[in-house]
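First the structure, in the form of structure tokens, and then the observations on it.
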Amino acid sequence: MSKQDNSNGNNAAGMNVVDLKRRQLLKATGAAAVAGCAMHAAAAQADDAAGVVKGDLLVPSKGDATVPLKVEDIKVGAKPVLVWPFDLNEKKARSDSRLNKLMLVRVDPAELTPEMKAVSVNGVIAYSAICTHQACDVTEFVAADKLLMCFCHFSKFNPGDGTVAKGPAAKSLPHVPLAEKDGLLVIAGSFSNKPGV
Ligand code: FES
């Protein structure tokens, strides 16, 4: 991680206020997760349990939630909602693989390309929650920029299509097509690209 720490041009001996704040943020946002970036990346690359299934519902990733999310639960301009696909047959979240973790965001449908409109429901889009840089969770929405952000090294992604707005991440966030059934959000296909790094 030392290379990324120095990516803004400051050397280790001359750590400035930005470096210091970033390090404090890293601690505050989950030191274990950050310290394990390399571990996340390795796990994300060698995970046979990864996979979402058409027809899966979506449940919040926090706690043991089993209440499926509705379209109306996801708001434009809000923080992304991290979710697991929910296996209706087994009645359990597909949480065995981190690569299955998704985040739901909502964008004004008028701002979406036809391609993204086709995979969203009234502007709700499901992206992989795993940052394509070093596999931390992408958890934030920066309202001032209207961009999604990963706290580990501050990569930013466009909420309308998952493309990188600012590195160090170099790859877009893959998305999963969504549909609506009885007001609930439902997985309608597989990842557009391999999730993870
Ligand atoms: S893991 Fe480095 S920016 Fe997300």
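Just so it is clear, none of the values below were taken in a lab; they were calculated from the coordinates. Predicted, not measured: the structure shown is a model, and the values here were computed from it. Because the Cβ atoms are built from the backbone with ideal geometry, glycine has one as well, and the counts that use them run over all protein chains shown.
What pairs in Lys146/Lys194; Lys54/Lys194; Lys54/Lys166; Lys101/Lys156 have C-alpha atoms more than 27 Å from each other? Spell out each step's value before the answer.
Values: Lys146/Lys194 25 Å; Lys54/Lys194 16 Å; Lys54/Lys166 32 Å; Lys101/Lys156 18 Å.
Lys54/Lys166, as the Cα separations exceed 27 Å there.
Please give the per residue volume of the convex hull enclosing the alpha carbon atoms of region 57-187, rounded to a whole number of Å³.
On the way: hull volume 13.1 nm³, N = 131.
Each residue corresponds to 100 Å³ of Cα convex hull volume.
Using DSSP to call loops (not H, G, I, E or B), can you name the GluC sites (Glu not before Pro) in region 61-155 whose Cβ has at most 12 other Cβ atoms within 10 angstrom? It would help to have the intermediate numbers written out before the result.
On the way: sites: Glu72, Glu90, Glu111, Glu115, Glu140; in loops: Glu90.
When the GluC sites (Glu not before Pro) of region 61-155 are filtered for loop state and at most 12 Cβ neighbours within 10 Å, Glu90 remain.
Could you give each residue of region 68-82 its phi-based ³J(HN,Hα) in whole Hz, using Karplus coefficients 6.51, -1.76, 1.60 with θ = phi - 60°, and x for Gly or Pro?
In residue order, the calculated couplings are x, 7, 9, 4, 5, 6, 9, 10, 5, x, 8, 4, x, 9, 7 Hz.
Taking a point 7 angstrom from the Cα of Ala78 along the C-beta vector, which residues in region 108-125 have backbone N less than 17 Å away?
108-109, 121-125
Determine, for Asp161, Asp145, Asp64, Asp56, the number of other Cβ atoms within 10 Å of each Cβ, and report the residues in order from fewest to most. Could you put the intermediate results ahead of the total?
Details: Asp161 18, Asp145 12, Asp64 9, Asp56 24.
So the ranking, lowest neighbour count to highest, is Asp64, Asp145, Asp161, Asp56.
From the residues Ala188, Cys150, Val176, which one has its Cα farthest along the dipole of region 145-197 in the positive direction, the dipole being from +1 and -1 charges on Cβ of Lys/Arg and Asp/Glu about the Cα centre?
Working it through, the farthest residue towards the positive pole turns out to be Cys150.
Over the Cα atoms of region 104-158, Rg to Rh with Kirkwood Rh, two decimal places?
Working: Rg = 11.8 Å, Rh = 11.9 Å.
Reported Rg/Rh, Kirkwood definition of Rh: 0.99.
Just to check I understand the Karplus step: with θ = phi - 60° and J = 6.51 cos²θ - 1.76 cosθ + 1.60, what whole-Hz values come out for region 174-184, glycine and proline as x?
x, 10, 10, x, 10, 9, 10, 9, 6, x, 8
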